Amino acid sequence: MITYDQFKNIVVEKLGRDISSNNEQNQAISSKMEDSLFLVAGPGSGKTTVMVLKILKFIDVDNVKPEEIIATAFTKKAADELTSRRLSWGQEIKDVILNDHIVSDEDDLRKLFRLDLNQVLTGTLDSVS
């Protein structure tokens, strides 16, 4: 739908998440779909931000359908935070794409209108098994 550079600009300018100055976060978010990632970091270091933006990058840049994504966390609170941010940031990104006319292809516009971010399966390891 959009390029990674367009996605990154929206994230930095509209969501206020400065991933462009944090090389490790930018590297994790921009990595290829087939690359496995294992995020290990202390509290407040941006793990949830990276996970949410990676999911949204899969959808908006890599054209992965939301129902093909599973996101897990160790606690229900963390899983709920993943869902909350994914829905709010995903809607903000969608609004920017539509309002700023970033996408003009008819098929991409149809996909964007039908996009249901609630279809991403999110939960704890126990709840999604």
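Numbers for the structure displayed
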item	result
Number of positions in the stretch 103-129 that are in contact (Cβ under 8 Å) with a residue 12 or more places away in the chain, open to solvent by less than 50 Å² (accessible area, probe 1.4 Å) and closer than 12 Å to MET1 by Cβ	4
Of all residues making up the stretch 29-64, the number that are in a loop (DSSP other than H, G, I, E, B) and of a type in the set (Phe, Trp, Tyr)	1
In the stretch 35-84, residue farthest from GLN119 (Cα to Cα) [restricted to those that are open to solvent by 60 Å² or more (accessible area, probe 1.4 Å) and among the basic types (Lys, Arg)]	LYS47
Residue that is surrounded by the fewest Cβ atoms within 10 Å (Cβ to Cβ), among those in the stretch 8-28 that are touching a Ser or Thr at 6+ places or on another chain (Cβ under 9 Å), hydrophobic (A, V, I, L, M, F, W, C) and in a helix (DSSP H, G or I)	VAL12
Residues of the stretch 45-77 classified as closer than 12 Å to THR122 by Cα and either β-branched (Val, Ile, Thr) or free of Cβ contacts under 8 Å to residues at least 40 places away in the same chain (or both), total	9
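The values are calculated or read from the model by the stated rules, or taken from the named source; none is laboratory data. Here the structure is a predicted model, which is why all the values come from computation and not from measurement. Every residue, glycine as well, gets a Cβ built from its backbone with ideal geometry; the counts of neighbours run over all protein chains shown. Just so you know, the surface numbers come from the protein's heavy atoms only, side chains and all, with ligands and any DNA or RNA stripped out. Shrake-Rupley method; radii C 1.70, N 1.55, O 1.52, S 1.80 Å.
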